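First up is the structure itself, then whatever we jot down about it.
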Amino acid sequence: MKALVTGGTSGLGFAMAAALATSGATVALTGRSGERASEVAAGLPGAIGIGLDVRDEASVEKAVDEAWERLGGVDMLVNNAGIGMRTVNPRFMTDPQGFWEVPADGFRAVIETNLTGYFLVAKSVTKRMLAAGGHGHIVNISMNHTTMRLPGFVPYGPSRAGSEALSRIMAADLRDTDIRVNLLLPGGGTHTGMIPSDAVPGGHALLESSVMGPPIVWLASGDAADVHDERIVAVEFDSWLRDRNSGR
């Protein structure tokens, strides 16, 4: 398995890149800083780091070309790169802003990263997958539906709602191919740096990013060859897999 993980230098992206690499996959992880991506990749078996700004189409094309060449193709794309509410309101957990208070530039930055970025990278990889025979797997990272509707969560909520709709349409467009598209989300707030630890409501512990490891490794395996247009919640993965294997 040859996997490209965007936003792989920290948080959920690093957890998934590490899980894939330690399971035997060859991984290219990306970050806006190519130097940082290479430093992080050096700590994982057989991994490489590539600079990529998902907002920039030229950067996307260059990075995907590099990943394709250095890995000898890409079997799996993990669309993960994103920025959170802290970029527009550092106090979003304790002092939420109304949507009318959100700076337009901040809104555009989140949408361009979390939604347009998913589109640009998936477009680039999918074209190459189709040209190479039409096989592959795309996993788009999402979040809980309730978070998409929380007061004070513009533009992060809309960006992730949009990327989830994008994923569903991608799956429909690719239904008659052997390229699979699925959604994966943690199932709760996680230790990624997007949520300040001192702002977590009482009684609500953050999940560890490693929760994403088992489902992403499984999705990279032959057991998931026919899994398409599913929405998998990492904290519920064991029960979801049991139900699937039992035919429920």
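The values are calculated or read from the model by the stated rules, or taken from the named source; none is laboratory data. Here the structure is a predicted model, which means the values were calculated and not measured. Neighbour counts are summed over all protein chains in view; Cβ atoms, including those assigned to glycine, are modelled from backbone coordinates with ideal geometry. Calculation scope for accessible area: heavy atoms of the full protein, side chains included, ligands and nucleic acids excluded. Shrake-Rupley method; radii C 1.70, N 1.55, O 1.52, S 1.80 Å.
Please state which of the following conditions Met93 fails to meet, knowing it meets all the rest: (1) touching a helix residue (DSSP H, G or I) at 6+ places or on another chain (Cβ under 6 Å); (2) open to solvent by less than 30 Å² (accessible area, probe 1.4 Å); (3) over 30 Å from Asp229 (Cα atoms). Going through (1) touching a helix residue (DSSP H, G or I) at 6+ places or on another chain (Cβ under 6 Å); (2) open to solvent by less than 30 Å² (accessible area, probe 1.4 Å); (3) over 30 Å from Asp229 (Cα atoms) one by one, Met93 breaks only (2). Just give me the residues in region 139-181 being under 28 Å from Val88 (Cβ atoms) and either among the polar types (S, T, N, Q) or in a strand (DSSP E or B) (or both), in sequence order. Answer for region 139-181, where residues must be under 28 Å from Val88 (Cβ atoms) and either among the polar types (S, T, N, Q) or in a strand (DSSP E or B) (or both): Val139, Asn140, Ile141, Ser142, Asn144, Thr146, Thr147, Ser159, Ser163, Ser167. Taking every residue in region 208-224 that is assigned to a helix (DSSP H, G or I) and pairing it with any residue that is open to solvent by 20 Å² or more (accessible area, probe 1.4 Å) and polar (S, T, N, Q), at least 6 positions away or on another chain, the pairs with Cβ-Cβ distances below 7 Å are Ser209/Thr192; Val217/Ser23. Given the criteria modelled with pLDDT under 95 and part of a helix (DSSP H, G or I), does Arg86 qualify? Yes; evaluated as a whole, the condition is true for this residue. Quick one: in region 26-51, of everything that is among the polar types (S, T, N, Q) and within 17 Å of Lys2 (Cβ to Cβ), which residue is most open to solvent (accessible area, probe 1.4 Å)? Filtering region 26-51 for residues that are among the polar types (S, T, N, Q) and within 17 Å of Lys2 (Cβ to Cβ), the one most open to solvent (accessible area, probe 1.4 Å) comes out as Thr26. Evaluated against (1) open to solvent by 10 Å² or more (accessible area, probe 1.4 Å); (2) among the polar types (S, T, N, Q); (3) touching a residue at least 60 places away in the same chain (Cβ under 8 Å), Thr87 falls short on exactly one condition, (3). Scanning region 103-138 for residues that are part of a helix (DSSP H, G or I) and over 18 Å from the mean Cα position of the chain (by Cα) yields a total of 10.
State whether the residues of region 39-50 include one that is in contact (Cβ under 8 Å) with a residue 40 or more places away in the chain and more than 23 Å from Pro215 (Cβ to Cβ). Yes, region 39-50 contains at least one residue that is in contact (Cβ under 8 Å) with a residue 40 or more places away in the chain and more than 23 Å from Pro215 (Cβ to Cβ).
For region 10-25, what are the residues that are open to solvent by 30 Å² or more (accessible area, probe 1.4 Å) and closer than 15 Å to Gly49 by Cβ? The answer is Ser10, Phe14. Screening the candidates Ala109, Ala132, Ala171 for the property of being open to solvent by 50 Å² or more (accessible area, probe 1.4 Å), within 22 Å of Val64 (Cα to Cα) and among the small types (Gly, Ala, Ser) yields one hit, Ala132.
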